[in-house]
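Below is one structure, written out as structure tokens, with a few remarks after it.
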Amino acid sequence: MDKSKVIRYICRIAAPLMMAVIFYFSSRPGPDSDVDSMTIGRLIGEMVMPGFDDMDMQAQLEFVIGINKAVRKTAHFTEYAILAMLLTGAFDADDKKKRKIFAQAVIVAALYAAGDEFHQTFVPGRSGKIGDVLIDSAGAICGSGLVLALRRRRIVIE
């Protein structure tokens, strides 16, 4: 089996797994999801802000709360960029099919994003947001576009 077939096979397995990961995080109740993003915000503070550990708890909390929305939206963008990269990688990269592959990966990811936001309306403390679907879709466009650009440059296997 050649390398491109192995990569497509791996992507075909990994894409549904990524969907399951997204579903898992979307199924977490609002307070649990807030703890997740606040924990990431705290890690960011510890890594990039000099003296963060020396700050009093209130100042640390204000920092974490201040970047919480950015953390959450970046997570949306990133998880759907990864999903679209996997979906794009799951298809043969024939030059004639690249636009079709891009469209399919983005559409599947965007529809999954819409379904996921709908699903969140049933999770305690969560809501579905059209803005999040747009962020997810932007991530999907970038992820799929990146894979196709790398293929064009022969940086990744076709």
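Only the coordinates and a few stated rules stand behind these numbers; no lab work does. These numbers were taken from a predicted model, which means no experiment stands behind them. Cβ coordinates were reconstructed from backbone atoms using ideal geometry, including for glycine residues, and neighbour counts include every protein chain displayed.
Given +1 on the Cβ of Lys and Arg, -1 on the Cβ of Asp and Glu, and no further charges, what dipole in debye does segment 3-152 carry about its Cα centre, rounded to the nearest 20? Write down the numbers at each step before the final one.
Numbers: 18 positive and 16 negative charges, 259 e Å.
Dipole of segment 3-152, to the nearest 20 debye: 1240 debye.
What's the Cα-based Rg to Rh of segment 1-67, Rh via Kirkwood?
Numbers: Rg = 18.7 Å, Rh = 14.8 Å.
Taking Rg over the Kirkwood Rh, I get 1.26.
Loop-only check: which GluC sites (Glu not before Pro) in segment 57-152 are DSSP coil with at most 10 other Cβ within 10 angstrom? Numbers along the way, then the final one.
Details: sites: Glu62, Glu79, Glu117; in loops: none.
Of the GluC sites (Glu not before Pro), not one in the loops of segment 57-152 has a Cβ with at most 10 other Cβ atoms within 10 Å.
For every helix of n ≥ 4 consecutive DSSP H residues, a contribution of -39,500 (n - 2.57) applies; sum these over the chain, divide by its total residues, and give [θ] at 222 nm rounded to the nearest 500 deg cm²/dmol. Intermediate results must be reported in sequence, preceding the final value.
Values: 5 runs with 123 residues, N = 158.
Helices in the chain give a 222 nm mean residue ellipticity of -27500 deg cm²/dmol.
Within straight cross-link reach of Lys73, meaning Cα distance under 21 Å, which lysines are found once same-chain residues fewer than 8 apart are removed?
Cα-Cα hits under 21 Å: Lys129.
Only Cα pairs within less than 10 Å get springs; with that Gaussian network setup on the chain, which residue of Val48, Val123, Val147 has the largest fluctuation?
Answer for the Gaussian network model of the chain: Val48.
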